[in-house]
Amino acid sequence: MTEVLEQSLPSRCHEQIAVLSGPSFAKEMMLRMPTVVTVAAKVEDTARAVQPMLASEWFRTYSSTDVVGVQVGGALKNVIAIAAGVADGLGLGHNTRAAIITRGLAEMARIAVKMGGNPLTLAGLAGMGDLVLPCTGERSRNRKVGIELGKGRSLDEILAEMKQVAEGVKTAKSAKALSAKVGVELPICDQIYRIAYEGASPRDAVSTLMGRSPKSELV
């Protein structure tokens, strides 16, 4: 979105663009439950200027200059959350969910770094923190979509019943396009695209992921 804003706004505004992301269910924020997120801007002074604007006894922000990493994490975690939901819908257990979270984080980090982001960002609030929440939280809209997909329901049927937006549905399309554009493999995101838009069986998607050729964990 920072690229869109820079294309749309005059250049004098570019240094004032900041993004906010991190593990935060809106309902819990409204109830003033302690919440911690990241605010990022290319210019550090901008991020630091935003911090006190949002500070309260129940809301805390950390600053960052990695706008790419923060935005990639904030977007792709929704697709991985759908994957976690699919696994839950299939009844695959905690081992599978832990694998999805961990390998999903690897996908987020790979593409963020390829786009110029800092891999350490993905280990923080806008990465791991923002990924764990929707993959495990009962309030997660994306996880709920995944659960229903895992049960064999169609995407159209699921969305017709929803009153809220599950961002990961459209982001799965964007992730597939971005993966091809920058030349980074996103196996989990790709399988969610196949389930949602190509009618692939969730169990076949699991088999495809588990049957990929062996490789180093850190590649």
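The values are calculated or read from the model by the stated rules, or taken from the named source; none is laboratory data. This structure is a prediction, so every number in the text was calculated from the model and none was measured. Cβ coordinates were reconstructed from backbone atoms using ideal geometry, including for glycine residues, and neighbour counts include every protein chain displayed. Remember, those area values only see protein heavy atoms, side chains included, never the ligands or the DNA or RNA. Shrake-Rupley method; radii C 1.70, N 1.55, O 1.52, S 1.80 Å.
Relative protection proxy for 133-143, 52-62, 16-26, from highest mean packing down: 133-143, 16-26, 52-62 (other beta-carbon atoms within 10 angstrom).
Computed on region 1-87, with alpha-carbon pairs under 8 angstrom and 6+ residues apart, the relative contact order is 27 percent.
In µm²/s, what is D for region 45-101 at 25 °C and 0.890 mPa s, where D = kT/(6 pi eta Rh) by Stokes-Einstein and Rh is the Kirkwood radius from Cα pairs? List each step's numbers first, then the result.
Values: Rh = 13.9 Å.
The calculation lands on 176 µm²/s.
Averaged per residue, what accessible surface does region 89-168 expose to a 1.4 Å probe, in Å²?
Working: 3990 Å² over 80 residues.
Here the per-residue accessible area is 50 Å².
For region 80-219, averaging the sequence separation of C-alpha pairs within contact (under 8 Å, six or more residues apart) and dividing by the residue count gives a relative contact order of 31 percent. For region 14-114, the fraction of C-alpha pairs farther apart than 15 angstrom is 67 percent. Run the paramagnetic zone check for residue 156: 7 angstrom along Cα to Cβ, then residues of region 194-217 with backbone nitrogen under 18 Å. Once the point is set 7 Å along Cα→Cβ of residue 156, 194-201 turn out to lie under 18 Å by backbone N, inside region 194-217. With respect to the chain, whose longest principal axis is taken over its alpha-carbon atoms, helix 67-89 is tilted by about 30°.
Ranked highest first by average number of other Cβ atoms within 10 Å, how do 201-209, 122-130 line up? Working shown, then result.
Working: 201-209: 15.8, 122-130: 23.6.
Highest-to-lowest ranking by the protection proxy: 122-130, 201-209.
Each helix, a run of at least 4 DSSP H residues, gives -39500 (n - 2.57); summed and divided by the residues of the chain, these come to -18000 deg cm²/dmol at 222 nm.
Quick check on packing: order 152-164, 67-79 by the mean number of other C-beta atoms within 10 Å, highest mean leading. Let's see the in-between values first.
Details: 152-164: 11.4, 67-79: 27.0.
Result, highest mean first: 67-79, 152-164.
Note down the Stokes-Einstein diffusion coefficient of region 5-59 in µm²/s, whole number, using a Kirkwood radius over alpha carbon pairs, 4 °C, and 1.567 mPa s. Intermediate results must be reported in sequence, preceding the final value.
Values: Rh = 12.5 Å.
In µm²/s, the coefficient rounds to 103.
In this view, the solvent-accessible surface of residue 148, computed with a 1.4 Å probe and all protein chains in place, comes to about 40 Å². Considering all C-alpha pairs of region 119-219, those separated by over 17 Å amount to 61%.
Counting protein heavy atoms only, region 136-187 has 49 percent of its accessible area on carbon and sulfur, 1.4 angstrom probe. Beyond 32 Å, the tail of the calculated P(r) for the chain holds 19 percent of the Cα pairs.
Relative to the longest principal axis of the chain, what angle (0 to 90°, nearest 10) does the C-alpha long axis of helix 168-182 take? Once rounded, one gets 80 degrees.
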